[in-house]
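The values are calculated or read from the model by the stated rules, or taken from the named source; none is laboratory data. The structure displayed is predicted, hence computed values, not measured ones. Here the Cβ positions follow ideal geometry from the backbone for every residue, glycine too, while neighbour counts run over all protein chains shown.
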Amino acid sequence: MIHSPPQPYSETRLQDMLARNAQWAQQISALDPDYFKRLSAGQSPAFTVISCCDSRTDPNTLLQSNLGELFVYKNVANQAGLNDLSLQTALQFSIDSLQVQHLLVLGHHSCGGIRMAMGLHAGGAPGDWLEGVRTLAHHHQLLGADSPTLAARRVDQLAELNVIQQVRQAALSPAVNAAWGRGQAVAISGLIYSMSTGQVLDLNCTIRQREEIDERCFAAMKAINQRYA
């Protein structure tokens, strides 16, 4: 159940999940016999979402979307790296083949990847994958908090700044720039999920053309830092 707390692992969990899947599929088919037939015919999602792989941040659940509405790509700390061939392939496919017109970067507070980049995760090290996040933390002077309360606040602040940074990265991707170059409408927005409230908030950094990248991202980062000051 969506509102139930996560259950601990047991030997029967997989079979329990498969049984619930069968029940769900039967219920959907009873209400709409052609539902899965229509889904299997092809996809036409409204949004592409770059999300963190944290098990508590499922975009379809958080945004209350139906199957087929979101084309989701997940990785640690919702990175939109220009050198991530898998992501760049996903972006190109969603924009060129699926004709998605809106990309979303969805980050979240209390992010383990952000904590790791800041050196706050026990036994963890940033590594190459999170080096850009650590550089961002250094640039905004968010490293070295002297209390757990301040550290937690800085993790959330950096999580939001990281979303803006990844919006910028997505806007610089070859697929997005090729689309803009041929006059195809593509927008990129940044969202943050608050685990303590369940709400997803818009960070007001939507970019619709190349010329807006620096201005919109700078303004959004400035607003975040002012809010956390």
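Given the structure, is PRO148 touching a helix residue (DSSP H, G or I) at 6+ places or on another chain (Cβ under 7 Å) and surrounded by fewer than 23 Cβ atoms within 10 Å (Cβ to Cβ)? Against the criterion (touching a helix residue (DSSP H, G or I) at 6+ places or on another chain (Cβ under 7 Å) and surrounded by fewer than 23 Cβ atoms within 10 Å (Cβ to Cβ)), PRO148 does not qualify. In the range 1-47, the residue that is surrounded by the fewest Cβ atoms within 10 Å (Cβ to Cβ) out of those that are farther than 30 Å from ILE188 by Cα and among the charged types (D, E, K, R) is GLU11. Scanning the range 175-197 for residues that are in contact (Cβ under 8 Å) with a residue 24 or more places away in the chain and exposed (fewer than 12 other Cβ atoms within 10 Å of the Cβ) turns up ALA185, SER196.
The number of residues in the range 59-102 that are on the phi > 0 side of the Ramachandran plot, surrounded by 20 or more Cβ atoms within 10 Å (Cβ to Cβ) and not polar (S, T, N, Q) comes to 1. Can you spot a residue in the range 144-152 that is touching a Lys or Arg at 6+ places or on another chain (Cβ under 6 Å), on the phi < 0 side of the Ramachandran plot and in the same structural domain as ILE213 (by TED's automatic domain parsing)? Yes, the range 144-152 contains at least one residue that is touching a Lys or Arg at 6+ places or on another chain (Cβ under 6 Å), on the phi < 0 side of the Ramachandran plot and in the same structural domain as ILE213 (by TED's automatic domain parsing). For the range 130-139, a residue qualifies if it is surrounded by fewer than 16 Cβ atoms within 10 Å (Cβ to Cβ) and within 22 Å of the chain's Cα centre (by Cα), and the qualifying residues are GLU131, THR135. Applying the condition of being part of a strand (DSSP E or B) and farther than 20 Å from ASN225 by Cα to the range 160-206 and asking which residue is nearest to the chain's Cα centre (by Cα) yields ILE188.
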